[in-house]
C-alpha cells in the first residue's frame, strides 16, 4: 500500500520525495479522487472530439441524414437524466440556495 501511495504522490501529483511527509492519508485520498475525476473528464473530451471530427468528415462527404454528432454515436454519460435542475444541472434551486447561504463567496 505504501508503494502505491508513494507512486501516486510522486508520479501523478508530481511532488518531490521530500514532500511525502507533508501530506496526510486523507489529503492523498482526496487528491486521488480528484485525479480520477480529472482523468474521466479528459477521456470524455477526447471521445467527444473524435466523434465531432468524424461527424464533420461525414457531413463534408455529403451525409445529409445526420444533423448533430449525437446522431453518429451517443455516449453512456449523455443518457443520464438530471431530474433535479434545469439545463442538465443536477442541483435543485433549494439546494443551490442552501449552498449560497453556507458559502456566499463561491457565487460571486
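Site pair residue 95 and residue 14 shows an inter-label distance of 3.3 nm when each label is modelled 7 Å from Cα along Cα→Cβ. Using a Förster distance of 35 angstrom, determine the FRET efficiency expected from the C-beta separation of residue 72 and residue 35, and round it to 0.05. For residue 72 and residue 35, the calculated efficiency is 0.70.
Note on residue 23 and residue 56: the model spin-label points, each 7 Å out from Cα along the C-beta direction, lie 3.7 nm apart. Label positions at residue 4 and residue 47, each projected 7 Å from the Cα along the C-beta direction, are separated by 2.4 nm.
Readers should treat all values here as calculations from the given coordinates under stated rules, not as data from a laboratory. Remember, it's a predicted structure, so these values are computed and weren't measured experimentally. Glycine also receives a Cβ, built like all others from the backbone with ideal geometry; neighbour counts cover every protein chain displayed.
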